[in-house]
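What follows is a short report on a single structure.
What follows is calculated from the coordinates using simple rules that are stated; it is not laboratory data. Keep in mind that this is a model prediction, so the values were computed, not measured. Note that each Cβ is placed from the backbone with ideal geometry, even for glycine, and that neighbours are counted across all protein chains shown.
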Amino acid sequence: MPTFAPKGNIHGPILPEFVLKKSITAGAKLLYTILCNYAAEKDHCWPSQARLAERLSCSVSSIKNYLAELVREKLITVRKEQYRSSVYYMIRPENLTAGRKTHSAPQQAKVVRKGPNSGYLNNFRKQEKEKTPPLPPIEQMPVKPAPTVNTPAAGRVSFSLPDFESIWELYPKKEAKGFARVAWVKLQRCGQLPPLQTIRSCIEQSITSEDWQREHGRYVPQLSNWLRGHRWLDESSKAPDIDSERTRYLSECLTAQDEKRREKARSDAEKLRPVFERFLSRFTDAKPMRGPAWGLWSLLHSKGKAPLAEHVPQDNALGVMKFLQTVAA
């Protein structure tokens, strides 16, 4: 049966002698060795209780009991710190401080932030680090300086602001002027701003387009968005909108037809006015009821039922409106 020497060949937690002599449970002793292994060269560690329970193959409640034993024996102290659930500080054992002169007795167990000297091997990561020599330094490539961007002076930019004000006065939607000014200056600095006349002509063509006139200009974009989107490059801004021209022509034709229809209605009314006046003269209450009587008589005339003066009897006792309502019924 092959054998081996444990010293130098076993890595991981090792139980210190002073802990072995403590009158605590075996689980608490094992937990102390694991905390020392986590702490390594520091005086504290912060593994979760679930992780510790997994390492010891026990429950979280058992871990809490073991921690209480270690705190009671003044082997560790537990503190709550920000961003961490619990931090476990390793208190220096009494046998390690024996023989050292102290100037004053401590009032309570103090946490000394030095590497523990418990006489056990360091953790596995440190041992592997010592076995593996560090890699040779890598020669760093020289960093190239960032290219400088030649931006125009502030005075040059200020010369374009009057042009911006003229475009702002022309633009139909007066919203977010500050954002529009920033977009204007940025395009001017980058050299992407087209000539002023190009911007003006594109905006004037867009103002007459159907999209910008629909629903009282609801779909007109803000000037800042118009500039950032380079909308002067849109096809609709370069050429007249054919559909818009056709719609405008049809609208003008309909308006002309309506005007002719109203003119014909006025002409027909003037021709019928003398006939209505002769009919109205046969009633005694004609003057105060002239307006309503004319409206009802015109309606009856459009239906071919309008009465004439000779249709009113000599002994008529009805008013003009009552008479017309009788005819309409």
* What are the semi-axes of the equivalent ellipsoid for the stretch 154-238, taken as the square roots of 5 times the Cα gyration tensor eigenvalues, largest first, in whole Å? -> 22, 13, 11
* To do: Grab the beta carbon distance between GLU215 and HIS301, set R0 = 41 Å, and tell me the FRET efficiency rounded to 0.05.
  => 0.50
* To do: Return the loop-located trypsin sites (Lys or Arg not before Pro) in the stretch 1-52 (DSSP other than H, G, I, E, B) with at most 11 other Cβ atoms within 10 Å of their own Cβ; answer none if there are none.
  => LYS7, LYS21
* Evaluate the relative contact order of the stretch 29-97 (contact order divided by residue number), counting alpha-carbon pairs under 8 angstrom at least 6 apart; express in whole percent. => 32
* To do: Give me VAL19, VAL320 ranked fewest to most by other Cβ atoms within 10 Å of their Cβ, as a rough exposure proxy.
  => VAL19, VAL320
* Structure fact -> Along the stretch 263-276, Karplus-curve 3J(HN,Hα) (6.51, -1.76, 1.60; θ = phi - 60°) to the nearest Hz, with x for Gly and Pro, reads 5, 5, 5, 5, 5, 5, 5, 5, 6, 7, 4, x, 5, 5
* Sort LYS80, LYS177 so that the residue with the fewest other Cβ atoms within 10 Å of its own Cβ comes first and the one with the most comes last. => LYS80, LYS177
* Radius 12 Å from Cβ of THR255, net charge of other residues (Lys, Arg +1; Asp, Glu -1) -> +1
* Residue order, fewest to most surrounding Cβ atoms within 10 angstrom, among TRP294, TRP168 -> TRP168, TRP294
* Structure fact -> Amide H neighbours of ARG282 at under 5 Å, excluding residues fewer than 5 places away on the same chain, with H built from the backbone geometry, are none
